[in-house]
1. Taking the Cα centre of the range 148-248 as the origin and placing charges on Cβ (Lys, Arg +1; Asp, Glu -1), which of 191, 167, 228 is farthest toward the positive end of the dipole?
2. Based on Cβ point charges of +1 for Lys and Arg and -1 for Asp and Glu, what charge dipole magnitude is obtained for the chain about its Cα centre, in debye rounded to the nearest 20?
3. So what's the gap between the Cα centers of the range 63-102 and the range 135-214, to the nearest angstrom?
4. Considering the options 17, 238, 55, tell which one lies farthest towards the positive end of the dipole of the chain, charges being +1 on Lys and Arg and -1 on Asp and Glu at the Cβ, about the Cα centre.
5. Rg to Rh ratio, the range 159-257, alpha-carbon atoms and Kirkwood radius?
6. Share of the range 1-155's accessible area from carbon and sulfur, percent, 1.4 Å?
7. What are the ³J(HN,Hα) values, in whole Hz, obtained from phi via the Karplus relation 6.51 cos²θ - 1.76 cosθ + 1.60 with θ = phi - 60°, for each residue of the range 85-100 in sequence order, with x given for Gly and Pro?
8. Put a dot 7 Å past each Cα toward the Cβ at residue 121 and residue 105; how far apart are the dots in nm?
Amino acid sequence: IGSLLPSYPYIVVDTDYPGTVHRPPAGTLEGDLTSDDRYALVKANVDELPMVQLGLTLCDAQGNLPVVFVDCNIGYPVPMERAWEINFSDFDVHRDRHAAQSVEFLRSQGIDFDRARACGVSSADFKEKLVEVLARAAPRGDDELTWVAFGGAYDLAYLVKMLSDGQPLPESRQEFMDRVRALLGGRVFDAKYMAENCGRADLRGVGLRAVAANLGMPRPIVEPSFLAGPKSLTACRIYTIMRMHVLSQEDVAACQG
């Protein structure tokens, strides 16, 4: 990742976590909350629950993914596009609070929580490597580092928590955004926000898969496709299409942050 980042300065992230245990008051939908109240809900959940997976896709300004040569035991290396999916060891399904339905869904998609606990990487160890990579390889200028997520409140919150050594998130939404800028650097975009505000009714109020389908994207061939790695790849494709073919440069710039 460190060696590829100067040429592929767009980092698209997705996270999986053990659901939410803090919810809006009874009879209140999350969409009816103020922005500050929604942030307070994100903070309460992220402060208490660890991250299970991180999906990470790099691309360049044209949306091209890095290509690496992989040994497939056929006598010669094969070029393949590369994205990443990291399993973390922090979550103990037997002790930590979680939403049972969310955990069962992740389990149905192939996550072995006991194996992740034994063989995954700790978020603290991953944080040390990530900080080192960003300090050494982050591009500047016209190829400024760009972070992207889809519906990214929890994704960015978990990144901030990890880069803050697991400390509680800031109390206010403005302090949180200041910390995002301080820790991640570069620009931040939410591909869902871009889709919601591009003027197309078929991209408003729908999820990742529906936005991808309505943009004419083929489904990724990676299975299972509901986990963090394939979702980060889909978010990368959506962001590229929104930036290059749907929104004007001025409208893209207005979505930053």
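The values are calculated or read from the model by the stated rules, or taken from the named source; none is laboratory data. Being a predicted model, the structure only gives us computed values, none of them experimental. Every residue, glycine as well, gets a Cβ built from its backbone with ideal geometry; the counts of neighbours run over all protein chains shown. Quick note on the areas: whole protein, heavy atoms, side chains included, nothing else; ligands and nucleic acids left out. Shrake-Rupley method; radii C 1.70, N 1.55, O 1.52, S 1.80 Å.
1. Of the listed residues, the answer is 191.
2. Dipole about the Cα centre, nearest 20: 300 debye.
3. Answer, in whole Å: 20.
4. The Cα lying farthest towards the positive end belongs to 238.
5. 1.02
6. Working: 3940 of 8180 Å².
Reported share for carbon and sulfur atoms: 48 percent.
7. 9, 10, 9, 9, 9, 5, 7, 10, 5, 8, 10, 7, 4, 6, 8, 4
8. Here the answer is 2.6 nm between the modelled labels.
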